[in-house]
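In what follows, a single structure is set out as structure tokens and then discussed.
The values are calculated or read from the model by the stated rules, or taken from the named source; none is laboratory data. Computed from a predicted model, the values in this text were never measured in an experiment. Positions of Cβ are backbone-derived with ideal geometry, glycine not excepted, and every protein chain shown enters the neighbour counts. The protein model used for the area step is the full one, side chains on, heavy atoms only, and it has no ligands, DNA or RNA in it. Shrake-Rupley method; radii C 1.70, N 1.55, O 1.52, S 1.80 Å.
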Amino acid sequence: MEIHINTGNGMDNREALERWADAEIRRALARYSHEIRRVEVHLSDVNSSKGGADDKRCLIEAHLPQHAPIAVSHQAPTLDEAFRGAEPKALHALESVIGKQKKHRDRTTIRTDPDLI
């Protein structure tokens, strides 16, 4: 699983922020690491230096083989809250998509065996 962390202009402590986000996203998506090709995390300040409520945004985009990218976002007053809000949304979206791709009836049935009927 390849992970790209993108931070917007004007973000403080970019390297520490990128290391933290990388570790958190690896931990959160470890269950699906063999099915995800690439994850992109975009951390940004919507209003830049103006401030305001819910001006931090986290966008998580997961790329699965042979499937359209899955993108979720969350806005909050801090980057930590924005990331923590987007993380469960990404997990839920991945569970939904990957669950639909799996064959739930991937076992044989006795109903088609004439000897058992």
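Looking at the range 26-74, none of the trypsin sites (Lys or Arg not before Pro) sits in a DSSP loop with at most 11 other Cβ atoms within 10 Å of its own Cβ.
Using a probe radius of 1.4 angstrom, the carbon and sulfur fraction of the accessible surface of the range 54-103 is 53%. Rounded to whole numbers, the Karplus 3J(HN,Hα) couplings from phi for the range 20-30 are 5, 5, 4, 5, 5, 6, 5, 5, 5, 9, 4 Hz, using 6.51 cos²θ - 1.76 cosθ + 1.60 with θ = phi - 60°, and x at Gly and Pro.
Rounded to the nearest whole Å², what accessible area per residue is found for the range 41-84 with the 1.4 Å probe?
Values: 2320 Å² over 44 residues.
That works out to 53 Å² per residue.
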